[in-house]
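In what follows, a single structure is set out as C-alpha cells and then discussed.
The values are calculated or read from the model by the stated rules, or taken from the named source; none is laboratory data. Small disclaimer: the values here were computed from a predicted structure and weren't measured. Neighbour counts run over all protein chains shown; Cβ positions are idealised from the backbone, glycine included. Heads up: the accessible areas ignore ligands, DNA and RNA and are worked out on the full protein's heavy atoms, side chains in. Shrake-Rupley method; radii C 1.70, N 1.55, O 1.52, S 1.80 Å.
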Amino acid sequence: MDPVRRPEEKKLALEEEEEEENLKAQQVSSSASNAGPHSQSRRQPASGGGGVGGGVANMPDEQPGLVMPALTDTDIPTTTRSEIWSWYTYYVGANGLALFNFGPTAFQNLLSQAAGGDEGLLRFAGADRDVNSIVLLANGISFALQAVLFLVIGAWADFGTGRRWVLVVWSLIAYAIGFAWLGVHDPRQWQVAAGLYIVGLIAYQLTLTYWTAAFPSLARNTRWIKESRAAYANAEITLREMDRRDEMERSRLSNVGFYVQSVGEIFILAVIVGIMYAVHVRRSTEDNNWGLSVLIAFATGVWLLLSLPWFLMEKTRPGMKVPPGLNIVTVGFWQLYEAASQMWQLKQSLIFLAGYFLLGDSLNTTVTVIATLQNQVIAYDTLKLTYLLIVGIAAQAVGIGLFWLIQKRMDLSAKTMFNAVMVSILLLDGWGMIGNWTNKFGFKNEWEIWLYQAFYGLAVCPWYSYSQIMISSVTPRGHEFLFFSVFNIIGKASSFIGPLISSRIIDATPGGTNNSAPFYFLFALSLLSAVGLWSFLDLEKSAREQEVFLAKEKARIEDDNSDVAATA
C-alpha cells in the first residue's frame, strides 16, 4: 500500500490504473529505466543504476517510465523544512529593489544631470548620445554579456558538485556593486555609474536565475516526493500520479517562495519610505542623489543578511557525471553542443519556449507602455510612485496566495493556473486598447492607475511564479541550470524586441504621440501566444519526451564508459 497517498488522491489513482494498463505494452525492459513499475518485470527504485536496453537506436518509440539522470552521486540529501525556508528568505532579499529598481533610477538620474537634461548629449561608446540612447545601449551591453555568461555557466553548472558556488560568487559581486553606489552620487561620476549599472544588472539576473534553478531539485528531494518515488517503484501509484505529485510540490515551493517574498518586500518598502523622509530627498537635488545611493545600499544590506541562511543551510546535491574524455571545464561546451543537436527531441519544450518568448514579449512591453502612461498621469511624483508600488506588491502577495490556494484545494494543474494568467494578460491589453477609441478609459486617469496596480498584482503577477513552474515542467532532470539559463536569455531578448516595435508603432501614428496604439499589436500577440500554448502544449507528453531524452543520454554516457573500460 502506498504509505504517502493522501485520501483525496485514492479515487484519482484508481481511475488512472485502468488507463495505465494500456501503456504496459509500450514500456521498455527493466534496464531502460531506474524507477518504472509499468512493464512486465519489476523495475528498480529511481535511484538505482542501469542503462538503456536494446541500444540508443530503439529509443524513440519507447516509453521508459521515470528516468533519473546519470548523477555524480546517487546519495542525494533529503530537503528539510529549514532549508526550504532559507531558500525563501534569500528571495526576500533578492527582491530587485537595489540593482533592478533603484540602481537604474540612480543611473538615469545622474545621466540626466550630467547632460543638462534629458535632451542633452554625452560622449559614450565613441559617439555623442542622449540619455535614453545611453540607457538602451548600456542595457544592450549588459544583455549581451548576460547571454554569454548564462550559456557558459548554465552548461557547466549542471555537472559535478560545485553548482551552489555559482550563486554565492555572483551574490558577492552583487553586494559589492550595491554598496559601491554609496560612493557614486555626483553627476560627474556618470561613467562609473554606467559601469555599476551594467555589472549590477548582470549580477542580479544571474543570482535570480540560479536561485530559481535550485527549486526543482529541492522539490524532488523532499521526503514526500522521495517516498512517492519509492511507491511508484513498487507499483503502488501510477506514473501519472507520480507526475502530479512532482508538479504539485514544485508549485508549492515556487508559489510560497513568491508569496513570502512579496510580504517581505512590503515591510522593506515601508522602511524605505521612512529612509526617504530621513535623508530629505525632496530638499535638494544633491539630497535626492544621496538618498538614492542610500536606498540601494540599504536594500543590498537586507539582501546580504537574508541570504546568509541559504548559504549556510543549502545541502550539496550532485550534478550529472562528466562523460569520459571530458573535464569540468570542457564539459560545458559539450553540453551546449548536445543541447543544440538533441533539443529537437523535446518538442513540447520547444513549443513552450516559443510561447514563452511571444507571451513574455507581450507582457514585458505591456508593462513598459503602461508605465509610460502611468508616469504621465502621476507626473513623476516619487512618493506617489512608491505608494503605488506598495499597493502593487500587496496585491501581488494576495494574488499568488489565492492562486496557490485555489490550485491546491481544487487539485488543478500548473498549466490550468498558467492559462488563467494568460487570460488576465489579454484583459490588460484589451483595456489598454480602449484608450485608442476614447479619452475616458485606457490608462488615462489616476484611478485607473491604482486599479491597474491592484489587478496586475492579483491576476498577472502570478505569471512570475507559474512561468518558472512551467519551465521546470519542460526541463529534463539534471539540466535545470542550462534550461533556466536559456529561458532567461529568451525572456531578456523579448524585453527588447517588443518595446522597439511599439516605439515604431507610436512614431507611425498621426503626430507620433498616441501611446495607446501599441495595444493593438500587444493584444494580437498575447492572443496568438495564449491560443498556441493553450491548444498545443501538453505537459504530460513533455514528461514522456524528457524520460526518453534522459534514457538516451544515459545510454550514451554508459556506452562511453564501457568503451573507456574496454580500452583500458
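Numbers below:
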{"quantity": "Residue in the range 533-541 that is surrounded by 20 or more Cβ atoms within 10 Å (Cβ to Cβ) and under 24 Å from the mean Cα position of the chain (by Cα) present", "calculated": "yes"}
{"quantity": "Tally of residues being of a type in the set (Phe, Trp, Tyr), open to solvent by 60 Å² or more (accessible area, probe 1.4 Å) and at pLDDT 85 or above across the range 122-175", "calculated": "1"}
{"quantity": "Given (1) farther than 20 Å from Leu172 by Cβ; (2) touching a residue at least 12 places away in the same chain (Cβ under 8 Å); (3) assigned to a helix (DSSP H, G or I); (4) among the small types (Gly, Ala, Ser), number of the condition Ala297 does not satisfy", "calculated": "(1)"}
{"quantity": "Test set (1) at pLDDT below 95; (2) in the same structural domain as Thr105 (by the TED database); (3) open to solvent by 30 Å² or more (accessible area, probe 1.4 Å) - Val256 fails condition number", "calculated": "(1)"}
{"quantity": "The range 77-99: number of residues that are small (Gly, Ala, Ser) and either crowded, with 23+ Cβ neighbours inside 10 Å or in contact with a strand residue (DSSP E or B) (Cβ under 6 Å, 6 or more places away or on another chain) (or both)", "calculated": "3"}
{"quantity": "Pairs, first over 12 Å from Ala459 (Cα atoms) in the range 383-411, second open to solvent by 60 Å² or more (accessible area, probe 1.4 Å) and assigned to a helix (DSSP H, G or I), C-beta under 6 Å, six or more apart", "calculated": "none"}
{"quantity": "Top-ranked residue of the range 307-333 - restricted to ones that are open to solvent by less than 60 Å² (accessible area, probe 1.4 Å) and over 23 Å from the mean Cα position of the chain (by Cα), ranked as farthest from Ala174 (Cα to Cα)", "calculated": "Pro324"}
{"quantity": "Residue that is nearest to Leu402 (Cα to Cα) [pool: residues in the range 231-281 that are outside any helix (DSSP H, G or I) and polar (S, T, N, Q)]", "calculated": "Thr238"}
{"quantity": "Flag for Lys347 being farther than 28 Å from Ile497 by Cβ, open to solvent by 40 Å² or more (accessible area, probe 1.4 Å) and in the same structural domain as Val474 (by the TED database)", "calculated": "no"}
{"quantity": "Near pairs, Cβ below 9 angstrom, 6+ apart or cross-chain, from the range 274-291 (over 16 Å from Gly103 (Cβ atoms) and outside the structural domain of Leu111 (by the TED database)) to any residue that is outside any helix (DSSP H, G or I) and open to solvent by 40 Å² or more (accessible area, probe 1.4 Å)", "calculated": "none"}
{"quantity": "Residue identified as part of a loop (DSSP other than H, G, I, E, B), buried (at least 21 other Cβ atoms within 10 Å of the Cβ) and assigned by the TED database to the domain that holds Leu359 among Phe403, Phe443, Phe418", "calculated": "Phe443"}
{"quantity": "Filtered residues of the range 100-120 (kept if assigned to a helix (DSSP H, G or I) and open to solvent by 10 Å² or more (accessible area, probe 1.4 Å))", "calculated": "Phe100, Asn101, Phe102, Pro104, Thr105, Gln108, Asn109, Ser112, Gln113, Ala114"}
{"quantity": "Residue within the range 470-488 that is open to solvent by less than 40 Å² (accessible area, probe 1.4 Å), in a loop (DSSP other than H, G, I, E, B), out of contact with any Pro (no Cβ under 8 Å at 6 or more places or on another chain) and more than 12 Å from Thr365 (Cβ to Cβ) present", "calculated": "yes"}
{"quantity": "Which listed residue is more than 21 Å from Ile272 (Cβ to Cβ), at pLDDT below 95 and outside the structural domain of Ile266 (by the TED database), from Leu383, Leu373, Leu389", "calculated": "Leu373"}
{"quantity": "Count of the range 146-180 residues which are part of a helix (DSSP H, G or I), in contact with a helix residue (DSSP H, G or I) (Cβ under 7 Å, 6 or more places away or on another chain) and over 20 Å from Pro499 (Cβ atoms)", "calculated": "21"}
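Yes or no, residue by residue, for (1) closer than 21 Å to Tyr197 by Cβ; (2) among the hydrophobic types (A, V, I, L, M, F, W, C); (3) modelled with pLDDT of 95 or more:
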residue: Ala278; (1), (2), (3): no, yes, no
residue: Arg282; (1), (2), (3): no, no, no
residue: Gly291; (1), (2), (3): yes, no, no
residue: Phe298; (1), (2), (3): yes, yes, yes
residue: Leu305; (1), (2), (3): no, yes, yes
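Table: residues versus (1) assigned by the TED database to the domain that holds Ser171; (2) closer than 19 Å to Ser251 by Cβ; (3) surrounded by 24 or more Cβ atoms within 10 Å (Cβ to Cβ).
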| position | (1), (2), (3) |
| --- | --- |
| Val184 | yes, no, no |
| Arg188 | yes, no, no |
| Tyr197 | yes, no, yes |
| Ala214 | yes, yes, no |
| Ser217 | yes, yes, no |
